[in-house]
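Peer 1: Could you have a look at this structure, given as structure tokens, before my questions?
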Amino acid sequence: MKRVLLVVVLTPVVLFFGLLLGAPLLPNRMFYRDRRPTRLGRLVNGVFALLYQLPGLPNFIASLETTGRRTGRAYTIPVAIADYDGERYLVSMLGERSGWVPNIRAAGGRAVIKHGRRRDVILEEVPVQLRAPIIKAYVRRAPGGRPHIPLSPDEPVEAFERIAGEYPVFRITPAPGV
């Protein structure tokens, strides 16, 4: 009930700032500082995490549910999914400081992707030497991630190789038995 009320109240505000003004016009520091979300960033992420679960939206946006490594609580965040070479990937736009990355590692890669329905998945970490083209595909796909990754989608893959170690990448695979 609280989540429904939160979505009903905050959705018009988020849509106003996000669509009417345009996300690039809002200073990124309002939402993230030191590669961590601010209170406003967590609030907006919560609203978008709920919205991204809805069916009918583009298939490259979804919500990622992880289990907290210390609390055991479920956490849900909005994500953009990159497609590369016939596979689907998640990239941590905030790098190692993103809370979901250590949660995934602690859970052995187990997570849930929500987009119209819940899908249990295994997120397999991609070795650093293979990440560059995936990060480039992510930057092309996810405008919200661009302020956090210091390269343009037009840069050559070699430029992405220099930063690949800073941004964890995970390949999405269906969980066994699903």
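The values are calculated or read from the model by the stated rules, or taken from the named source; none is laboratory data. Just so you know, these numbers come straight off a predicted model, no measurement behind them. Neighbour counts run over all protein chains shown; Cβ positions are idealised from the backbone, glycine included.
Peer 1: Filter region 127-145 for residues that are under 15 Å from MET93 (Cα atoms) and part of a loop (DSSP other than H, G, I, E, B); which is modelled with the highest pLDDT?
Peer 2: Among those that are under 15 Å from MET93 (Cα atoms) and part of a loop (DSSP other than H, G, I, E, B), it is ARG131.
For (1) acidic (Asp, Glu); (2) within 18 Å of the chain's Cα centre (by Cα); (3) over 24 Å from ILE113 (Cα atoms), each residue gets a yes or a no:
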{"position": "TYR138", "(1), (2), (3)": "no, yes, no"}
{"position": "GLY144", "(1), (2), (3)": "no, yes, no"}
{"position": "PHE160", "(1), (2), (3)": "no, no, yes"}
{"position": "VAL169", "(1), (2), (3)": "no, yes, no"}
{"position": "ALA175", "(1), (2), (3)": "no, no, no"}
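Peer 1: Determine, yes or no, whether ARG146 is surrounded by 16 or more Cβ atoms within 10 Å (Cβ to Cβ) and under 22 Å from PHE31 (Cβ atoms). Don't jump to the end; show me each part of the working.
Peer 2: Details: surrounded by 16 or more Cβ atoms within 10 Å (Cβ to Cβ): yes; under 22 Å from PHE31 (Cβ atoms): yes.
It is true that ARG146 is surrounded by 16 or more Cβ atoms within 10 Å (Cβ to Cβ) and under 22 Å from PHE31 (Cβ atoms).
Peer 1: For the subset of region 90-101 comprising residues that are out of contact with any Lys or Arg (no Cβ under 6 Å at 6 or more places or on another chain) and not small (Gly, Ala, Ser), which member is nearest to THR173 (Cα to Cα)?
Peer 2: Of everything passing the filter in region 90-101, LEU90 is nearest to THR173 (Cα to Cα).
Peer 1: A further question follows. Can you tell me which residue is modelled with the highest pLDDT among those in region 78-126 that are part of a helix (DSSP H, G or I) and among the charged types (D, E, K, R)?
Peer 2: Checking each candidate, the answer is ARG105.
Peer 1: Continuing with this model, one more query. With farther than 15 Å from PRO78 by Cβ, free of Cβ contacts under 8 Å to residues at least 40 places away in the same chain and surrounded by 16 or more Cβ atoms within 10 Å (Cβ to Cβ) as the only criterion, which of VAL139, VAL121 stands out? Full working, then the answer.
Peer 2: Working: VAL121 fails: free of Cβ contacts under 8 Å to residues at least 40 places away in the same chain.
Answer to the check: VAL139.
Peer 1: Further question on the same structure: Scan region 31-48 for residues that are touching a helix residue (DSSP H, G or I) at 6+ places or on another chain (Cβ under 8 Å) and either modelled with pLDDT of 75 or more or of a type in the set (S, T, N, Q) (or both) and jot them down.
Peer 2: Scanning region 31-48 gives THR38, LEU40, LEU43, VAL44, GLY46, VAL47, PHE48.
Peer 1: Across region 146-158, which residue is farthest from the chain's Cα centre (by Cα) among those that are modelled with pLDDT of 95 or more and part of a helix (DSSP H, G or I)?
Peer 2: The extreme case among them is GLU158.
Peer 1: If you don't mind, there's one more thing I want to ask. Please work out which one of (1) over 20 Å from ALA49 (Cα atoms); (2) in contact with a strand residue (DSSP E or B) (Cβ under 9 Å, 6 or more places away or on another chain) is the condition GLY165 fails and give its number.
Peer 2: So GLY165 meets the others, but not (2).
Peer 1: Let me ask something additional. Considering only residues that are without any contact (Cβ under 8 Å) to a residue 24 or more places away in the chain and over 12 Å from ALA80 (Cα atoms), which ones fall in region 142-158?
Peer 2: PRO150, LEU151, SER152, PRO153, ASP154, GLU155, PRO156
Peer 1: I've got another one for you. What are the residue pairs meeting all of these: first residue in region 49-66, first residue modelled with pLDDT under 90 and assigned to a loop (DSSP other than H, G, I, E, B), second residue surrounded by fewer than 20 Cβ atoms within 10 Å (Cβ to Cβ) and aliphatic (A, V, I, L, M), Cβ atoms under 7 Å, and 6 or more apart or on different chains?
Peer 2: Partner pairs satisfying both residue conditions: TYR52/ILE61.
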